[in-house]
Amino acid sequence: MRRDRLTPARLGPRDVLHVGSAGLRSRPMRVVLSALGIAIGIATMIAVVGISASSKEQLLRQLDELGTNMLTVAPGQDMFSGQATKLPKEAPGMIGRIAGVEQVGATGDLKPTVRRSEKIPESDTGGLTVKAAGEGLLKALRGTVHAGTWLNGANGRYPSVVLGHVAAQRLGITTPGQQVFIGNRYFTVLGILDPLPLAPEIERAALVGWEGAGTLLGFDGHPTKIYERSTDASVESVRTLLARTADPQNPQNVEVSNPSSALQAKAATEGAFDSLLLGLGGVALLVGGVGVANTMIISVLERRHEIGLRRSLGATRGQIRIQFVTESLLLSGLGGLAGVVLGAAATYAFAITGGMPWVVPPWAVGGGFAATLFIGTVAGLYPAVRAARLSPTLALQAA
């Protein structure tokens, strides 16, 4: 007599999802609390990476706007006497003839101070300086005039001045046409500049026309700092020629620097502490995984009757394992999704507050969510195996 061999029914994906979510639907508060640990860990990791990426993107955009092709030339100290040297008066013109140089601007330091009126003590400088400025300075700096106009060959001969952004704030000047006291006379404010991140010394200066500085304030015509812009392809070749061109007789006394190097270094080191913060996020994620494993173990203990009943009705050990691993994955996945949303929201709030672009790298989102699934799988394996090993008879008796 032939006997048909009984085979257990197979669970389809929909069935696996249904039985795996049954425990979550019956205990929603426990699900929320267990998923919270996972969510905090993922949110921390996404926020750390997102905030770092947003800050770096802002720096890179600022570098693109300001350019990395500006070099400055300044007099150094004499190698033998140690005294300060001077650049030749012809230095700006000679630098402008170097192949690849596009704009050249120069400033010269002046002894007089700038004050709001003659009644303010001369020693009360407010950290501001007075400088002679060439016409090409604004173009070389890629600066813009916030209000008013820039110095030119006509107005630069008269007692007129353009204030840097910080200088205008400290002097209380808000609009052109007002006057400030320089030396022993009043100068009319022609304009106020926008911020210049690559030239903070200009932001804190009152700029007088080159010719007017000579006739009105005793400027000797020797530049104390020269700013030049060259094509991107010729920056390095221009750098090698600047010292010899600015002062052919004493090139060793000339200092050449790149103001944008500080921003470049900051952009390169942005995220230097990310590994530490990501480690903290990883610890939070691990703690969340432990919480999920604990929740699943408790779930197995509480649902022994259900497990025994399913086993007595023909469910295999593999199906029991799949049920609880799926439940753990769903629990971790919910926490991961919540963490991604929270991390992205935290990054957005930080970016908007700081006026930065909102950047959340896709790899951070994908990697973070993949980490939650891995944690969920690992956290659910032991409880799933333990559930599968329960004897149907003993499970029903314990119930």
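The values are calculated or read from the model by the stated rules, or taken from the named source; none is laboratory data. Bear in mind that the values here come from a model prediction, so they are computed numbers and not experimental data. Here the Cβ positions follow ideal geometry from the backbone for every residue, glycine too, while neighbour counts run over all protein chains shown. Ligands, DNA and RNA are excluded from the accessible area calculation, which covers all protein heavy atoms including side chains. Shrake-Rupley method; radii C 1.70, N 1.55, O 1.52, S 1.80 Å.
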* Asked: Listed residues GLN252, GLN264; which is among the polar types (S, T, N, Q), modelled with pLDDT under 65 and within 30 Å of LYS86 (Cα to Cα)?
  -> GLN264
* Structure fact -> Going through the stretch 119-138 in order, the residues found to be touching a strand residue (DSSP E or B) at 6+ places or on another chain (Cβ under 6 Å), among the small types (Gly, Ala, Ser) and in a loop (DSSP other than H, G, I, E, B) are GLY134, GLY136
* Identify all residues within the stretch 154-172 that are open to solvent by 10 Å² or more (accessible area, probe 1.4 Å), aliphatic (A, V, I, L, M) and under 40 Å from the mean Cα position of the chain (by Cα); write none if there are none. => VAL166, LEU171
* Being part of a helix (DSSP H, G or I) and over 18 Å from THR44 (Cα atoms) is the filter here, so list the residues in the stretch 353-375 that pass it. => THR353, GLY354
* **Of all residues making up the stretch 44-95, the number that are outside any helix (DSSP H, G or I) and at pLDDT 75 or above** => 17
* Output the residue which, of all residues in the stretch 212-227 that are β-branched (Val, Ile, Thr) and closer than 16 Å to GLY105 by Cα, is most open to solvent (accessible area, probe 1.4 Å). => THR224
* To do: Return yes when SER123 is surrounded by fewer than 19 Cβ atoms within 10 Å (Cβ to Cβ), without any contact (Cβ under 8 Å) to a residue 12 or more places away in the chain and farther than 18 Å from PHE219 by Cα and no when it is not.
  => yes
* Asked: Residues in the stretch 184-199 that are in contact with a strand residue (DSSP E or B) (Cβ under 8 Å, 6 or more places away or on another chain) and surrounded by fewer than 20 Cβ atoms within 10 Å (Cβ to Cβ): how many?
  -> 3
* Structure fact -> Going through the stretch 362-388 in order, the residues found to be open to solvent by less than 20 Å² (accessible area, probe 1.4 Å) and within 32 Å of the chain's Cα centre (by Cα) are ALA364, GLY368, THR372
* Structure fact -> Note on GLN323: of the conditions (1) at pLDDT 75 or above; (2) of a type in the set (S, T, N, Q); (3) open to solvent by 80 Å² or more (accessible area, probe 1.4 Å), unmet is (3)
* Asked: Can you name the condition, by its number, that LEU198 falls short on among (1) within 22 Å of SER117 (Cα to Cα); (2) in contact with a helix residue (DSSP H, G or I) (Cβ under 8 Å, 6 or more places away or on another chain); (3) in a loop (DSSP other than H, G, I, E, B)?
  -> (1)
* Take SER257 and decide whether it is hydroxyl-bearing (Ser, Thr, Tyr), open to solvent by 50 Å² or more (accessible area, probe 1.4 Å) and touching a Ser or Thr at 6+ places or on another chain (Cβ under 8 Å). => yes
* **In the stretch 201-211, residue surrounded by the fewest Cβ atoms within 10 Å (Cβ to Cβ) [restricted to those that are under 33 Å from the mean Cα position of the chain (by Cα) and not in a strand (DSSP E or B)]** => GLU201
